[in-house]
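The next block holds one structure in the form of structure tokens; read it before the comments.
The values are calculated or read from the model by the stated rules, or taken from the named source; none is laboratory data. Quick caveat: nothing in here was measured; it's all calculated off a predicted structure. Glycine gets a Cβ as well: all are built from the backbone with ideal geometry, and neighbour counts include every protein chain shown. Note: accessible area is taken over every heavy atom of the protein model, side chains too, but ligands, DNA and RNA are not part of it. Shrake-Rupley method; radii C 1.70, N 1.55, O 1.52, S 1.80 Å.
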Amino acid sequence: QVQLVESGGGLVQAGGSLRLSCAASVTGFRINVMGWYRQAPGKQRELVATITSGGSTNYADSVKGRFTISGDNARNTVYLQMNSLSPEDTAVYYCNANLRRVGSARFQDYWGQGTQVTVSS
């Protein structure tokens, strides 16, 4: 069973910071990529940041220089440090894990339940 447990969302004023966490229980799978996506009201879900099992990261242009994704391979956990938040960052943030079952060549995507981040002016 794959489970993604998110935490850290909340309400913050513009200019403030939040740190999101996602712990993945992935018995029988190997992690390819984990990351964060977000969906704001009236918009499609979009990439925020990803990190591979080897530590390579990438970011959406809108968050470069403000957000940092990191991982703890031993704990199968990823973090998203969000600084200099603005109201435009308000969205539901979703943890994503792209996994490959041991013994299979197929990659599968799994999603967390989402955590609300609200940034007030």
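Any chance you could count how many residues in segment 65-105 are outside any loop (DSSP other than H, G, I, E, B), of a type outside the set (Gly, Ala, Ser) and either in contact (Cβ under 8 Å) with a residue 60 or more places away in the chain or open to solvent by less than 70 Å² (accessible area, probe 1.4 Å) (or both)?
20
What do you reckon, is Ala60 of a type in the set (A, V, I, L, M, F, W, C) and touching a residue at least 24 places away in the same chain (Cβ under 8 Å)?
So Ala60 does not fit the description; no.
What are the residues in segment 23-64 that are crowded, with 20+ Cβ neighbours inside 10 Å and outside any strand (DSSP E or B), if any?
Listed by number, the list holds a single entry, Val63.
Could you please find all residues in segment 5-33 being in contact with a Gly (Cβ under 8 Å, 6 or more places away or on another chain) and either at pLDDT 95 or above or not hydrophobic (A, V, I, L, M, F, W, C) (or both)?
Once the filter is applied, which keeps residues that are in contact with a Gly (Cβ under 8 Å, 6 or more places away or on another chain) and either at pLDDT 95 or above or not hydrophobic (A, V, I, L, M, F, W, C) (or both), segment 5-33 yields Glu6, Leu18, Arg19, Leu20, Ser21, Cys22.
Check Asn98 against each of (1) closer than 20 Å to Gly15 by Cα; (2) within 13 Å of the chain's Cα centre (by Cα) and name the one condition it does not meet.
If we test Asn98 against (1) closer than 20 Å to Gly15 by Cα; (2) within 13 Å of the chain's Cα centre (by Cα), just (1) comes out false.
Which of the residues that make up segment 23-48 are among the β-branched types (Val, Ile, Thr) and touching a Lys or Arg at 6+ places or on another chain (Cβ under 7 Å)?
As a first pass, look at segment 23-48 and keep what is among the β-branched types (Val, Ile, Thr): 26-27, 31, 33, 48.
Residue satisfying the conditions is Val48 alone.
Return the residue satisfying two criteria in turn: it lies in segment 106-121 and is within 16 Å of the chain's Cα centre (by Cα) and not in a strand (DSSP E or B), and of such residues it is surrounded by the fewest Cβ atoms within 10 Å (Cβ to Cβ).
Gln113
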